[in-house]
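Data first, discussion second: the structure below is written as C-alpha cells.
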Amino acid sequence: MQTVAVLDFETTGLSPNLGDRATEIAVILLRDGEIVDRYQSLMNAGRRIPSDVVALTGITNEMIASAPPVSQVMKEAAAFVGNHPVVAHNAGFDKRFWQAELGMLGMAAEHAFACTMLVARRIYPHARSHRLSSLADMLRLPQTGRAHRAMVDAEIASHLWCRLQRDIGATYGLRHIDHGLMSRLQTTSKAKVATFFGSLAADGR
C-alpha cells in the first residue's frame, strides 16, 4: 500500500521569487483511495494579502494576523508529510512555495511531486479546461466548501488522483498505478501516452 500526501497552498501571489508568501496549507494523507489523515492551518508570514487575492480566497489580513507563525506551521506540515511522495494540482506552483518556505527555515524539501494537472492533460486531452474546478465539474467529483481554500482544493485533488488511477486502470488494464508511474506519465508527451502504457502492460504492471 502506498501513501501519498496531497498538498495545497494558498498564498499572497504567484511566486516566492517575487516575495510572495504562503497564507494557508492543507495536506491530506491518501492511502489506496482512502483519506487516512489531514492537516490544515492558516499561517502568518508577515506579508500583506492583496485585495484581489482576498476576494479570490476569502482569506483576509485579519485572519492571518491571528494565525500561527509560518515557522510553526511549516514545521508541523513537514512532519505531517514525512517522507511520503507529494501530489498537487499545478504542482509546480505548490512545489515552489513548499521549497521556499522550508528553505527559509533551513529544512530539506526534496520530496517528489506528481501533478494531477499534467496527468489529466494526458488522460483527458479533450477536456475544455484542466483547471481543478473544471475537471471536478466534468468528472462530477465531490466538492464541499469554497474553492481556493486549501483543504477544499486538497480534497478535490485527492478525488481527482483516485479517479485518474481508476480511469488509467480501466482504460489500459493496469493494476499498479503508483506515484512513480504518474510522475513518469506527466513527463511523457501526449503523442506517446498510448506507447507508454503499452510498454507497461507488456511488462505485466
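The values are calculated or read from the model by the stated rules, or taken from the named source; none is laboratory data. These numbers come from a predicted model, not from an experiment. Here the Cβ positions follow ideal geometry from the backbone for every residue, glycine too, while neighbour counts run over all protein chains shown.
Computed quantities for the displayed model
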item: Single unsatisfied condition, E101 versus (1) over 24 Å from V36 (Cβ atoms); (2) at pLDDT below 95; (3) of a type in the set (D, E, K, R); result: (2)
item: Failed item, numbered, when A109 is tested on (1) modelled with pLDDT of 95 or more; (2) under 25 Å from L18 (Cα atoms); result: (1)
item: Total residues in region 175-198, condition part of a loop (DSSP other than H, G, I, E, B) and in contact with a helix residue (DSSP H, G or I) (Cβ under 6 Å, 6 or more places away or on another chain); result: 3
item: Within region 122-151, tally of residues that are in a helix (DSSP H, G or I) and without any contact (Cβ under 8 Å) to a residue 40 or more places away in the chain; result: 7
item: Tally, over region 16-36, of residues that are in contact (Cβ under 8 Å) with a residue 40 or more places away in the chain, surrounded by fewer than 20 Cβ atoms within 10 Å (Cβ to Cβ) and either charged (D, E, K, R) or on the phi > 0 side of the Ramachandran plot (or both); result: 1
item: Test for T171: is it among the hydroxyl-bearing types (S, T, Y) and either over 18 Å from the mean Cα position of the chain (by Cα) or assigned to a helix (DSSP H, G or I) (or both); result: yes
item: Within region 91-111, tally of residues that are touching a strand residue (DSSP E or B) at 6+ places or on another chain (Cβ under 7 Å) and part of a loop (DSSP other than H, G, I, E, B); result: 1
item: Residues of region 154-172 satisfying the condition of being basic (K, R) and either in contact with a strand residue (DSSP E or B) (Cβ under 6 Å, 6 or more places away or on another chain) or surrounded by 20 or more Cβ atoms within 10 Å (Cβ to Cβ) (or both); result: R163
item: Options Q165, Q143, Q186: the member that is at pLDDT below 95 and among the polar types (S, T, N, Q); result: Q143
item: Checking A201 against (1) in a helix (DSSP H, G or I); (2) at pLDDT below 95; (3) aliphatic (A, V, I, L, M); (4) surrounded by 15 or more Cβ atoms within 10 Å (Cβ to Cβ), the condition it does not meet; result: (4)
item: Complete set of residues in region 1-15 that are within 20 Å of F80 (Cβ to Cβ) and surrounded by fewer than 20 Cβ atoms within 10 Å (Cβ to Cβ); result: M1, Q2, T3
item: Members of region 57-76 found to be surrounded by 15 or more Cβ atoms within 10 Å (Cβ to Cβ), in a helix (DSSP H, G or I) and touching a strand residue (DSSP E or B) at 6+ places or on another chain (Cβ under 9 Å), listed by number; result: T57, M63, I64, V70, V73, M74, E76
item: Only one of G92, G82 that is of a type outside the set (A, V, I, L, M) and on the phi > 0 side of the Ramachandran plot; result: G82
item: Complete set of residues in region 145-187 that are of a type in the set (G, A, S) and on the phi > 0 side of the Ramachandran plot; result: G145, G173
